[in-house]
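The values are calculated or read from the model by the stated rules, or taken from the named source; none is laboratory data. Source: prediction; values computed, not measured. Here the Cβ positions follow ideal geometry from the backbone for every residue, glycine too, while neighbour counts run over all protein chains shown. These accessible areas exclude ligands, DNA and RNA; they are computed on the full protein's heavy atoms, side chains included. Shrake-Rupley method; radii C 1.70, N 1.55, O 1.52, S 1.80 Å.
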Amino acid sequence: MQANGTGQELDSDVPCRNGAQNGEPPAAAHSNGLSVSVSNNGNGVSGGGGGGVSAPPASNNSNTADAKKKKRLSQCEEDVIRLIGQHLHDLGLNQTVDLLMQESGCRLEHPSATKFRNHVMEGEWDKAESDLNELKALMHSPSAIVRMKFLLLQQKYLEYLEDGKVLEALQVLRAELTPLKYNTERIHILSGYLMCSHAEDLRAKAEWEGKGTVSRTKLLDKLQTYLPPSVMLPPRRLQTLLKQAVELQRERCLYHNTKLDTGLDSVSLLLDHTCSRKQFPCYTQQILTEHCNEVWFCKFSNDGTKLATGSKDTTVIVWHVDTETQQLKLMKTLEGHAYGVSYLAWSPDDAYLIACGPDDCSELWLWNVQTGELRTKMSQSHEDSLTSVAWNPDGKRFVTGGQRGQFYQCDLDGNLLDSWEGVRVQCLWCLSDGRTVLASDTHQRIRGYNFEDLTDRNIVQEDHPIMSFTVSRNGRLALLNVATQGVHLWDLQDRVLVRKYQGVTQGFYTIHSCFGGHNEDFIASGSEDHKVYIWHRRSELPIAELTGHTRTVNCVSWNPVLPGLLASASDDGTVRIWGPAPFLEVQDAEGLNECCSMDS
C-alpha cells in the first residue's frame with residue numbers, strides 16, 4: 001500500500017493518510033473488513049456493504065482549490081480520531097467507523113495488524129504465525145516476536161487439548177513450543193495439562209476460559225502490548241484515558257473523602273469533579289462534656305465503633321459510636337488513674353485498652369473494654385515514667401516506656417518479657433512486621449528497635465524535640481509534631497522529610513496529630529491557638545481550620561471506618577465531634593455545585 005506518494009517503510013508508522021494533499025485518493029482497510037474509496041473528484045464516497053454517500057459534482061478548479069485548502073491533521077487530531085474509531089468499533093458501530101476513517105483519511109490500525117487480529121480471532125494459528133513476520137518490521141523490539149509466538153502457540157496447544165486432539169497438542173508442544181527455548185518453566189506446566197481427563201478439568205487447572213472469543217480476546221490484549229500503538233491501538237484506550245482523567249480529578253480534589261469508584265458509569269464526563277466542603281468533617285456535630293477537667297487524649301477504636309477519651313480528671317470514658325447516625329453515647333467510665341490519662345492505645349482486636357499517665361506516673365492500666373474490668377495494673381518501679389505505649393500486631397504483647405530511661409516489652413499480665421536500657425522514650429509505635437518498634441527519644445530522633453536480635457538503627461533525625469508521632473496504616477509515612485516547628489511528614493522507607501505543614505501553633509505542649517479519611521489522604525492536628533487544622537496530605541497549606549474550642553487542642557482522632565467523623569480533645573474540658581454539614585442539599589451531596597472553599 002502506498003501513502004503520500006511514499007513506500008511501505010513510511011507507511012508502517014503512519015496510521016493517518018491525507019493523500020489528497022499530494023493529489024492521491026486515500027484508501028483504507030479497516031478491522032471490520034469494510035473497504036472504502038474516494039472518487040477522483042474528492043466528493044463521491046462509497047462503502048462496500050455499508051451504503052454509499054455522495055455529494056454533487058463540482059468543477060475541477062474547485063476541487064483543486066479544496067484540496068489545497070484541506071487541513072492536514074495534526075498528530076493529536078489523528079490520535080483522537082483513532083481513539084473514537086476504536087471505541088465506536090467496540091460498540092459495534094462499524095459503518096460509522098468506516099465513514100469516519102474515509103472522511104478523515106485515517107486508518108484505525110495497520111493493515112498487517114488487522115489481518116493478524118482477524119486470524120487470531122478466527123483461530124487460524126498458522127496464518128497468525130505467518131503474520132508475525134510482517135509485523136516484525138514494524139516493531140521497536142523485534143525480539144518480542146518470540147514471546148508473541150509463544151503466546152500464540154500456547155493458545156493453539158490449549159485449544160487442541162480441549163478438542164481432545166492430544167496428538168496434535170503434543171506435536172505443538174514438542175515441535176513448536178519447545179524449540180523456541182523460551183519460558184521452559186511454563187512449558188513444563190503446559191505439559192502437565194496432557195493429564196487432564198476432561199475439558200472442565202483443563203480449564204480449571206490452566207485458569208483459562210476455553211476455546212472461543214473470550215480467551216482469544218484476552219490473548220490479543222496480551223499480544224498488543226508488544227506492538228507500537230501506531231500499528232495497533234491498546235485495547236479500550238479511550239476508556240482507559242477517561243478513567244485516568246476522572247481519577248486525576250478526584251486526586252486533585254481537596255475535599256474528596258469517599259471511596260474511589262474506578263468505573264465510569266458512576267460519574268458524569270460532562271462536568272469536572274468537585275466535592276463540596278459541606279461534605280467534609282468541618283462542622284461540630286456533638287460536644288461531649290462529661291469530663292470535668294482538661295481532656296488530654298482521644299482515640300477511635302480500630303473498628304470505628306468506639307471512642308476512648310482520657311482526662312486530667314483521672315478517668316477514661318469509652319463512648320459508643322452509632323454508625324448510622326454517627327452520634328456518640330457514653331458506654332463506660334474507667335476510673336482510678338491517679339495522675340490523669342495522657343495516652344490511650346486500643347489492642348488490635350479492640351478487646352483491651354491501655355491507659356498511660358503524664359511524666360510522674362509510674363503505672364499503666366490495661367482494661368477489658370467489654371466488662372469494664374481492670375485486667376492489669378503494671379508498675380516495674382516507682383521511679384519509672386510510663387507515658388507511652390504501643391501494641392504488637394499479635395495483640396499478645398505491648399511495649400511501654402517514658403523519659404526516665406524505661407523501655408519494656410510486656411505480656412497482657414504485665415510480665416516483663418524484654419527491656420532496653422537507657423532509652424528515654426517520648427512516643428512509641430509497633431510496625432506491622434511484629435518485630436520493629438519505633439521510638440522517639442530525647443535526642444530529637446526516631447529509632448527502630450528490634451527486640452528479637454537486639455539491633456537498633458536511626459530512621460528520623462529532627463533539629464527540635466519530637467513531642468509525638470503516628471504512623472500511616474501501610475507503615476510508610478510518619479507524622480511528627482515537632483516542638484516550635486509544627487507538623488512534619490516523613491517517609492520512613494526513604495528516611496526523608498516529605499513536607500512541613502503550615503498554620504498550626506506548636507510550642508512545647510504534647511499535641512497528637514493523625515492521618516485520616518479514605519486512603520488516609522488527610523492530616524489533622526490540634527493546636528495551641530485553640531483550633532483544629534486539616535491538610536490534604538499533598539498540600540502544605542491547611543484546607544480547613546476548625547474553631548469552637550476555647551483552649552489548646554491536645555489531640556485529634558479520625559474515625560478509621562467512617563471517614564466523615566473526626567474527634568478533638570481540648571484543655572477546655574470538652575471533646576468535639578466533627579462531621580459534614582447537618583443539612584446537605586441533594587446537589588451538594590453529589591458534590592457538583594460548590595467549589596472547594598478555605599472558609600472555616
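Of note:
- Taking the centroid of alpha carbons for each part, region 340-372 and region 240-291 are 35 Å apart.
- Other residues with beta-carbon under 11 Å from the beta-carbon of Gly336 carry, at +1 per Lys or Arg and -1 per Asp or Glu, a net charge of -1.
- Semi-axes of the equivalent ellipsoid for region 465-588, Cα gyration tensor, largest first, Å: 23, 19, 12
- Taken about its Cα centre, region 523-571 carries a charge dipole of about 180 debye when Lys and Arg each add +1 at the Cβ and Asp and Glu each add -1 at the Cβ.
- Average accessible surface area per residue within region 289-375, 1.4 Å rolling probe, Å²: 40 Å²
- Note on Asp201 and Thr442: their simple-model spin labels are 7.2 nm apart, each label 7 Å out from Cα toward Cβ.
- In order along region 270-286, the Karplus-derived 3J(HN,Hα) couplings, from 6.51 cos²θ - 1.76 cosθ + 1.60 at θ = phi - 60°, round to 8, 10, 5, 6, 8, 9, 7, 5, 5, 8, 9, x, 10, 10, 5, 9, 7 Hz, and Gly and Pro are given as x.
- Accessible area per residue for region 397-474, computed on protein heavy atoms with a 1.4 Å probe, is 44 Å².
- Region 191-280, accessible area per residue, ligands and nucleic acids excluded (1.4 Å, Å²): 58 Å²
- Share of carbon and sulfur in the accessible heavy-atom surface of region 132-255 [1.4 Å probe, %]: 53 percent
- For region 195-308, the fraction of alpha-carbon pairs lying more than 20 Å apart is 71 percent, rounded to a whole number.
- Using a cut-off of 23 Å between Cα atoms, the listed pairs Lys299/Lys332; Lys243/Lys500; Lys181/Lys222; Lys156/Lys181; Lys306/Lys396; Lys278/Lys531 include Lys243/Lys500 as exceeding that distance.
- Computed from the C-beta positions of Asp163 and Asp349 and an R0 of 51 Å, the FRET efficiency is 0.45 to the nearest 0.05.
- With all protein chains in place and a 1.4 Å probe, the accessible surface of region 448-592 carries 47 percent carbon and sulfur.
- Computed from backbone phi, the HN-Hα couplings of region 515-532 come to 8, x, x, 4, 6, 6, 7, 10, 10, 10, 8, x, 7, 6, 8, 6, 10, 10 Hz, rounded to whole numbers (Karplus: 6.51 cos²θ - 1.76 cosθ + 1.60, θ = phi - 60°; Gly and Pro given as x).
- Between the amide H of Tyr509 and any residue lying 5 or more places away or on another chain, no distance stays under 5 Å, with hydrogens modeled in the peptide plane.
- Candidate aspartates and glutamates for bridging to Lys205, where Cα separation is under 13 Å - those fewer than 8 sequence places away on the same chain excluded: Glu162
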